[in-house]
1. For the structure I just gave you, tell me whether Tyr62 is on the phi < 0 side of the Ramachandran plot, touching a residue at least 24 places away in the same chain (Cβ under 8 Å) and loosely packed, with under 15 Cβ neighbours inside 10 Å.
2. Select from segment 83-93 the residues that are part of a strand (DSSP E or B) and among the charged types (D, E, K, R) and list them in ascending order.
3. Can you name the residue in segment 65-82 that is without any contact (Cβ under 8 Å) to a residue 40 or more places away in the chain and closer than 18 Å to Leu9 by Cα and, of all such residues, is surrounded by the fewest Cβ atoms within 10 Å (Cβ to Cβ)?
4. Being under 15 Å from the mean Cα position of the chain (by Cα) and basic (Lys, Arg) is the filter; apply it to segment 9-42 and report the residue that is surrounded by the fewest Cβ atoms within 10 Å (Cβ to Cβ).
5. Applying the selection to segment 43-59, what residues are among the charged types (D, E, K, R), surrounded by 11 or more Cβ atoms within 10 Å (Cβ to Cβ) and in contact (Cβ under 8 Å) with a residue 24 or more places away in the chain?
Amino acid sequence: MRIYEGVFLTRSSLDSEQRDSLIQKLEGIVTGKEGKILKKDEWGKKRLAYLIDKESEAHYTYMEFMADVDILDEMARIMRIDENFLRHMFVKKED
């Protein structure tokens, strides 16, 4: 398993309960396939540099986790399906 960092942008119109359920869904994917959540940080609502799906603001969430590539693929698939996720990015951390 490798350590990854992920940043997820969700719609700013979501309330905290809806946003938490989305993030818990991602955490469930990681932990359900023997991965580990190392760190999670809510960066809050920030203004976007350009409009994404007619949204000018988004809520940023940072997550550091240990996972295999199949876990990343499943997380990306879920985020492409759910319209409440605006963008996401995964980066492998140096060992």
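1. Numbers: on the phi < 0 side of the Ramachandran plot: yes; touching a residue at least 24 places away in the same chain (Cβ under 8 Å): yes; loosely packed, with under 15 Cβ neighbours inside 10 Å: yes.
In short, yes.
2. Going residue by residue through segment 83-93, those that are part of a strand (DSSP E or B) are 85-92.
Matches in segment 83-93: Arg87, Lys92.
3. Going through the qualifying residues, I end up with Ile81.
4. Looking at residues that are under 15 Å from the mean Cα position of the chain (by Cα) and basic (Lys, Arg), I get Lys39.
5. Lys45, Glu55, Glu57
Where a number appears in this text, it was derived from the coordinates with a stated rule and is not lab data. In this text, all values refer to a predicted model and were calculated from it rather than measured experimentally. So basically every Cβ, Gly included, is an ideal-geometry build from the backbone, and we count neighbours across all protein chains shown.
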